[in-house]
1. Which chymotrypsin sites (Phe, Trp or Tyr not before Pro) from the stretch 1-52 combine a DSSP loop assignment with at most 14 other Cβ atoms within 10 Å?
2. Explain nothing, just compute: Karplus ³J(HN,Hα) = 6.51 cos²θ - 1.76 cosθ + 1.60, θ = phi - 60°, for every residue of the stretch 25-33 in order, whole Hz, x for Gly and Pro.
Amino acid sequence: NAIIMSLELDVPWAGWVYVENFLQGVYTFELSLRLKRMLCGFFTTFDIWNYLDFVMVVSGALDLWLMPIIHGLQDLLGGEPKEHRASPMSGALRVLKIMRIFRVLRLVKLLKMVKPLYRLLTGVIASVRAMQWVMV
């Protein structure tokens, strides 16, 4: 996902919308399976990754699926053009777009699960901390 986010910035392609929708569908399916398996335990166990995944999937669904439907209905019902639209939801939409950056945290979760990669990451972080003394 982090690789796709970086490619999305560098490579202009109209198909990125379909890739994002596909990934959002995969994440929604994964979250629904975990919710079905864990039931209320999903929210009652204090696991920050569960909460992060839930917020990311819900905000992604709002951003990718619900907001275009709302804007389409406003256009269909004779609302203002998109350029002049000042919705009370625009602030919330901005927050949702910023929260999409947190999808990179899924990469950290993956790195923590694979011990050699996690050791490599902690080693790189420690070496960067040590580099600050070289620059002083």
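Every number here is computed from the coordinates shown, using simple stated rules; none is lab data. What you see is a predicted model; the values in this text were computed from it and never measured. Cβ coordinates were reconstructed from backbone atoms using ideal geometry, including for glycine residues, and neighbour counts include every protein chain displayed.
1. When the chymotrypsin sites (Phe, Trp or Tyr not before Pro) of the stretch 1-52 are filtered for loop state and at most 14 Cβ neighbours within 10 Å, Trp13, Phe46 remain.
2. Listing the rounded values in order: x, 5, 5, 5, 5, 4, 5, 5, 5 Hz.
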